[in-house]
Amino acid sequence: MLIKSLNLANFRNYKNAHIDFQKNLNMIIGKNGQGKTNLIEAIYMLSLGRSFRTNKDKEMVMFDTQNAYISSIVESMDREFKIEIKMGKDIKKAIKINSIPIEKLTDLLGIINIVIFSPEDLKLIREGPKERRAFMDRELSQIRPSYYQTLYTYQKTLLQRNNLLKRDKVDKGLLDVYDIQLANYGFKIMEQRKNFIEKIEPIAKKNHHRISSGKENLSIKYNPNINISNKSLNDLEALFKEARNEDLNRRTTTIGPHKDDLSIFINDMEIRSFGSQGQKRSAAISLKLSEIELIYEEKDEYPVVLLDDIFSELDIQRQKMLLDNLKGIQTFVTTTENIDIDKDSKIYNIENAIISMIN
């Protein structure tokens, strides 16, 4: 998978920009606040149609303008695609593929897979279940676009059920309908999350063993809010009904995959509570590298990799290890200063959202 070029108009601090990329390493250098992460954000949008920094499209529109535009030529599955994204402060986001408007986001998912490394990755290790669920959902949505649709429908139904529970008079018949829907979509979500962790865990274990020079053993455990082992869809529906009194008391849905989590261990020690900063950082890198390998296993193509300002978080040994693992993969690196690497690279400088090529 390759991103060949990128055009931006009124996106964040970019009034107009065009940039061509090479298939190996693209190094983007600039001081803080010049637009490096904004460029990475625009590239990320090509994969999932949304930002990794905000849920509000209007925040990506340049101040004192109404609409922002992203377009890119990408290569995937031996085919070339033109992806266009238009968003605005008072319009609904519109996406075109090869000049044809898409009807649903799943038409975009899977064309270009992207794995991003950023300082925010430590949240996956040290913060709450929301970040770890997002990790599973993001990767599953790229690998299997149908998962995104299932998740979207579950979340929409969950919102409707919670709104119903907040009413003074609750329609029990309508609750029955929502229970059936939540059980149906929830069962599919939990099955696929379980399968995802089973696939990624041995890859992450192997990566971390290498990163730690054989000194540490990493393991991952999926913690579903409802254990679906040896349970049928009817069993899950019954569990939603059993929780109804508690739901009515709390006025919210108290069980389901929206409360799932996963645990990450090093040498059988849960690192969220007991791991050092170095161990947490290494575990995050191991998981991200595993995403790359899993996408390759599923798609027979490597994803595009974004490294957004993470080298300041890594020592020289980890920097070299990371780049060695990315040979042959199109990679974008943002940094405040040039990094001494013996790898074919194209270097760009960004100053006040003006992009110039150094070599």
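The values are calculated or read from the model by the stated rules, or taken from the named source; none is laboratory data. Computed from a predicted model, the values in this text were never measured in an experiment. Cβ sites come from the backbone with ideal geometry, for glycine too, and all protein chains shown count toward neighbours.
For the residues Lys194, Lys188, the requirement of being in a helix (DSSP H, G or I), under 30 Å from Ser282 (Cβ atoms) and not aliphatic (A, V, I, L, M) singles out Lys194.
Considering the stretch 240-251, and only residues there that are farther than 16 Å from Asn163 by Cα and free of Cβ contacts under 8 Å to residues at least 40 places away in the same chain, the residue that is surrounded by the fewest Cβ atoms within 10 Å (Cβ to Cβ) turns out to be Glu242. Entry remark, the stretch 89-125: residues being crowded, with 17+ Cβ neighbours inside 10 Å and basic (Lys, Arg) number 0 in total.
The number of residues in the stretch 129-139 that are over 16 Å from Lys280 (Cα atoms) and over 9 Å from the mean Cα position of the chain (by Cα) comes to 2. Looking only at the stretch 298-328, residues that are modelled with pLDDT of 90 or more and either surrounded by fewer than 18 Cβ atoms within 10 Å (Cβ to Cβ) or within 22 Å of Ile197 (Cα to Cα) (or both) come to 6 in all. Could you say which residue among Ile220, Ile226, Ile255 is among the aliphatic types (A, V, I, L, M), touching a Leu at 6+ places or on another chain (Cβ under 8 Å) and part of a strand (DSSP E or B)? None of the others qualify; the one that does is Ile220. When you go through Asp315, Asp324, Asp308 one by one, which is the residue that is free of Cβ contacts under 8 Å to residues at least 40 places away in the same chain, charged (D, E, K, R), in the same structural domain as Met1 (by TED's automatic domain parsing) and within 23 Å of Lys4 (Cα to Cα)? Going through Asp315, Asp324, Asp308 in turn, just one is free of Cβ contacts under 8 Å to residues at least 40 places away in the same chain, charged (D, E, K, R), in the same structural domain as Met1 (by TED's automatic domain parsing) and within 23 Å of Lys4 (Cα to Cα): Asp324.
Quick one: what pairs do we get from the stretch 259-274, first residue over 22 Å from Gln192 (Cβ atoms), second at pLDDT 95 or above and outside any strand (DSSP E or B), C-beta under 6 Å, 6+ apart or different chains? Final answer for the pair search is none.
Just one of the listed residues (Ile19, Ile85, Ile40, Ile73) is aliphatic (A, V, I, L, M), surrounded by fewer than 17 Cβ atoms within 10 Å (Cβ to Cβ), touching a Phe, Trp or Tyr at 6+ places or on another chain (Cβ under 8 Å) and within 23 Å of Glu301 (Cβ to Cβ), namely Ile73.
The residues of the stretch 294-312 that are touching a helix residue (DSSP H, G or I) at 6+ places or on another chain (Cβ under 6 Å) and in a helix (DSSP H, G or I), listed by number, are Leu294, Glu298, Phe311. Among residues of the stretch 53-65 that are closer than 16 Å to Ala353 by Cβ, none has a Cβ under 6 angstrom from a residue that is surrounded by fewer than 11 Cβ atoms within 10 Å (Cβ to Cβ) and at pLDDT 90 or above at a sequence gap of 6+ or on a separate chain. Look at (1) farther than 12 Å from Pro257 by Cα; (2) assigned to a helix (DSSP H, G or I); (3) at pLDDT below 95 and you find that Lys130 fails only one, number (1).
Cβ contacts < 7 Å: first residue touching a residue at least 12 places away in the same chain (Cβ under 8 Å), restricted to the stretch 288-303; second residue of a type in the set (Ser, Thr, Tyr) and assigned to a helix (DSSP H, G or I), any location; separation 6+ or different chain. Result? As it stands, the answer is Tyr302/Tyr296, since those pairs meet every condition given.
Residues Ile264, Ile295: which one is in the same structural domain as Arg138 (by TED's automatic domain parsing) and crowded, with 20+ Cβ neighbours inside 10 Å? Result of the check over Ile264, Ile295: Ile264. Taking the criterion of being in contact with a Phe, Trp or Tyr (Cβ under 8 Å, 6 or more places away or on another chain) and outside any loop (DSSP other than H, G, I, E, B), the residues of the stretch 323-359 that qualify are Phe332, Val333, Thr335, Lys346, Ile355, Ser356, Met357. Before we move on, is Leu6 assigned to a strand (DSSP E or B) and touching a residue at least 60 places away in the same chain (Cβ under 8 Å)? Against the criterion (assigned to a strand (DSSP E or B) and touching a residue at least 60 places away in the same chain (Cβ under 8 Å)), Leu6 qualifies.
Summed over the stretch 95-120, the residues that are within 27 Å of Leu314 (Cα to Cα) and either part of a strand (DSSP E or B) or of a type in the set (Gly, Ala, Ser) (or both) give a count of 5. Of all residue pairs spaced 6 or more apart or on separate chains, those with beta-carbon atoms under 6 Å, a first member in the stretch 345-359 that is in contact (Cβ under 8 Å) with a residue 60 or more places away in the chain and a second member that is part of a strand (DSSP E or B) and polar (S, T, N, Q) are Lys346/Asn26; Asn349/Ser356; Ile358/Asn349.
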